[in-house]
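Since the structure comes first, as structure tokens, the remarks are kept for the end.
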Amino acid sequence: MNSLTRLLRRLAGPSRALPVTFLLVMGVLFWPTRALRSDNFVIYMPAARAIIPLETIDQVKYLPVISVLNGLGKVDALQEKRDTLKIWFGEAVIELRLDDKQVQVNKTRLTLAQPVRRPTGQWLVPVSFLTAALPHITHETVEYQVGTNRIFIGDVKPTSFTVRLDQLATGARVTVQFTDKVTIHTAASNGKWYLYLGPRPIEPLEQTFRFQDPYVSEMQFDDQDGLPKLILTPTVSGLNFYPTLAEGGKVLLADVLKPSPVAPPQPAAAGEPVTAGAPPVPGAEAVSALPAGPPLPAVVLDAAHGGSDSGARGRDGVLEKDVVAQLVARVRLALLAAGKYRVVLTRVGDVNLAFEQRESAANLHYPRAFLSFHAGDLGTTTPRVVVSSYQASRPPGPGDNPEPTPFLIPWTRVYRTHLNQSRQLAQALQQKLAEIPGMAVDQPGGAPARALRSVDAPAVAIEIGSLTPDADSGVLTDADFQQQIASAIAAGLQAWQGGAPGP
Amino acid sequence: MTSRAKVLMLILLMVLAGSALYLHVLARRITFQPSVQHGEEVARTRLNEAALQSSTGPQQLATLYFPSYEQGLLREEKRQIAWAETDTDRIRQVLLALMEGSHQGYSRALPPSTAIRGVFLAPDGTVYLDLSTQTLADLRPGILSECLVVYSVVNSLAANIPAVKKVKILVEGQEVDTLDGHADLSDVFVPDPARILPAS
């Protein structure tokens, strides 16, 4: 105690020791216990998957219960009182009580590992809710490995894999043995190689494999965005990467080699060879590794809002930022499945990005198309979609050159170089989206949408709705509905590319 | 402990108890006074109301445009307004009429909570319209929605006040990137007749 007093006096002087102590005590009392949101939780179902933003409170993982249930199906009704929340979900009635571990599902009382929380007005349940309550709610089996951020519900058989590292004469080979067939699509970003493993759910035995190797330092499994992938980190920069599938897709041979003037060795008896088109440069942004031939065109998907910016809010608590993130994940899968595009996301995870960050992320890739996804108030008609290209708030004046020269185009006017293609793209997407049964689709129009202004590519905004407290927006989170939109967008892009030359 | 120390201790305890009671009473009297900024907004809103009261001219037919979300366009509505003398006051009258809402059941363009911090009509026909952040918080969210709101204002102003050629929207006196995350406010807006649903 004496030493503490001496320290305080040294810090603030004898006369101010008391106020400093007071401030320290207040600081300890009111120190925020809630950590920031860090990552996502993925719920795998037989025909769909839901990506739920994860909250960590006092080192315990929590999930927004409404988002979880909307990911599984549709919340029918909610009744919120001061300290209780009652949810009608299909045939189940779920009752939660604030700061209580007890949860009631119909007439069954269940005990969670941690109490229900509501730190910012959003009802959060611990991850143990999934294993304790979901079997009673969905009447499906639930598989969950403690500590992971994924769960499998119903008849889902996740693939697993083992990993081995072998030394080669000029590099190293990572052999990944899967329990089932996978497909691979490769990309590179921030000095790492990404191996997307197709749409099947994967449950790794270990999340991270670390190597004491001069070529490969780490391999990590990640599916935070709903896309299972392996991320390889090279020990040094300047290495080449040659991934190949063998044994019908059950074995992945990932060779990391020193650059050599001679052609890279082609693995014998490779079932489905996939090689790097260009050796990625660690540190460079997203150099894609592609099938042999010219690189695939990039399509940039922009999920609007994120982080503290939730966007529009629906009647049942659905947030725009979550709806568009789910939708973008499905569109990404649909585009990757087409095998004709490389997909770039402006927003990965629940972060709030400035328009400039989104634009620069897109423009770096010279994309073939830029699609910005929104969910907003479209009145009482739902489901409905509006596809818009950029339209300036004023027509070009006499001093403005309507066809800007290729040099020194201000970023605020770069949209003009792609106006016609943007309109054609909006038209093509609108035609395919109109084929979705029950979907109201407006004629594509122009809007001064800021998200599209400084993108150096044909760009459109796709706004689904109506996400408003005045309308039933449950369909917007429906997996089948989102899948139909994703398929329509993939088809629309294909139709547009067939009719319009690329840049 | 001496008796004198005991008396001092007792007095000290009584002082502490009295202080705690006094603090408790004080805490219950704490109220939050509206900020100066809020007071300014109220004053400006009252100025807007004054614009209506100063309207002494004859009643004339005004054309207002309200959002129709079903069509994604603006619907025309005619209304009698006793116009004020100056264009700036007329601008305020149009904005107040939009805040009042449609008499024919169309959607609202500006929320009732709209606080117009200032209106200025430049000689080149540019209206500088300064909105408060509270206005943005109460807007219906989305690209379509913001687009309808902006053109409801711009087209209504241009239709009724010939001197208005374009509108520049400011928020809290500053140029901003977007209205509420969607509509690009970096440039002025000129009236766009294509946003109006043709009369059937």
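Read-outs throughout are calculated quantities, based only on the coordinates presented, and are distinct from any laboratory measurement. Small disclaimer: the values here were computed from a predicted structure and weren't measured. As a convention, Cβ positions derive from the backbone with ideal geometry for all residues, glycine included, and neighbour counts pool all protein chains shown.
Only beta bridges with both residues in the range B:36-195 are counted; by DSSP, about 75 percent of them are antiparallel. Checking the Cα-Cα distances for A:Lys321/B:Lys168; A:Lys192/A:Lys432; A:Lys157/A:Lys340 against a 31 Å cut-off, the pairs over it are A:Lys192/A:Lys432. For the range A:445-464 versus the range B:85-145, the spacing of their alpha-carbon centroids is 25 Å. Note that the range A:30-185 carries a Kirkwood radius of 17.5 Å, evaluated over its alpha carbons pair by pair.
If you take the Cα centroid of the range A:352-381 and the Cα centroid of the range A:82-155, the two points sit 34 Å apart.
Exposure proxy ranking for B:Val15, A:Val176, based on other Cβ atoms within 10 angstrom of each Cβ and starting from the fewest, stands as B:Val15, A:Val176. Under the membrane-span-like helix rule (DSSP H runs whose alpha carbons stretch at least 20 Å along the helix axis, mean Kyte-Doolittle hydropathy 1.0 or higher), chain B yields B:3-28, B:143-160.
Selection among B:Leu197, B:Ala27, B:Leu96 by position relative to the dipole of chain B gives B:Ala27 as farthest towards the positive end (Cβ unit charges, Cα centre). Helical runs assigned H by DSSP (4 residues or longer) give chain B a calculated mean residue ellipticity at 222 nm of -13500 deg cm²/dmol, each run adding -39500 (n - 2.57) before division by the residue total. Remark: the range B:129-140, residue by residue, has Karplus-estimated 3J(HN,Hα) of 10, 9, 9, 8, 5, 4, 4, 5, 5, 9, 6, 6 Hz, where x stands for each Gly or Pro and the curve is 6.51 cos²θ - 1.76 cosθ + 1.60 at θ = phi - 60°. Averaged over the residues of B:62-73, the number of partner chain Cβ atoms lying within 10 Å of the residue Cβ comes to 3. Distance between the C-alpha centres of the range B:1-31 and the range A:162-200: 72 Å, rounded to the whole angstrom. When +1 charges are put on Lys and Arg Cβ atoms and -1 charges on Asp and Glu Cβ atoms, the dipole computed for the range A:40-153 relative to its Cα centre reaches about 100 debye.
Residues B:Leu61, B:Leu131 in ascending order of nearby Cβ atoms (within 10 Å, fewest first): B:Leu61, B:Leu131.
Take peptide A:379-392, look around each residue's Cβ out to 10 angstrom, count Cβ atoms belonging to other protein chains, and average those counts.
The per-residue average across the peptide is 3.
Taking all Cα pairs closer than 8 Å and separated by 6 or more residues, the relative contact order of chain B comes to 18 percent. In chain B, the convex hull through the Cα atoms has an average projected area of 17.7 nm², a quarter of its surface area. For the range A:115-125, backbone phi angles converted through the Karplus equation (6.51, -1.76, 1.60; θ = phi - 60°) give residue-by-residue couplings of x, 6, 10, 8, x, 10, x, 9, 6, 10, 10 Hz, Gly and Pro being listed as x. Near A:Val455, the amide H atoms lying under 5 Å from its own belong to A:Tyr415; only residues 5 or more places off or on other chains count, and H is placed 1.01 Å from N.
Place the peptides A:458-468, B:152-162 in order of packing, highest mean first, counting for every residue the other Cβ atoms within 10 Å and averaging per peptide.
A:458-468, B:152-162
Under 5 Å from the amide H of A:Val93 lie the amide H atoms of A:Asn106, each residue being 5 or more positions distant or on a separate chain, with H modelled from the backbone and absent for Pro and chain starts. Relative protection proxy for B:142-151, B:85-94, A:348-357, from highest mean packing down: B:142-151, B:85-94, A:348-357 (other beta-carbon atoms within 10 angstrom).
Peptides A:86-94, A:363-371 ordered by packing proxy, namely the average of other Cβ atoms within 10 Å per residue, highest first: A:363-371, A:86-94. Across the alpha-carbon atoms of the range A:119-257, the computed radius of gyration and Dmax are 17.6, 59 angstrom. The mean number of partner chain beta-carbon atoms within 10 angstrom of a residue's beta-carbon across peptide A:306-315 is 1.
Taking the Cα centre of the range B:36-195 as origin and assigning +1 to Lys and Arg Cβ atoms and -1 to Asp and Glu Cβ atoms, the resulting dipole is close to 460 debye.
Which order results if A:Met439, B:Met1 are arranged by neighbouring Cβ count within 10 Å, fewest first?
B:Met1, A:Met439
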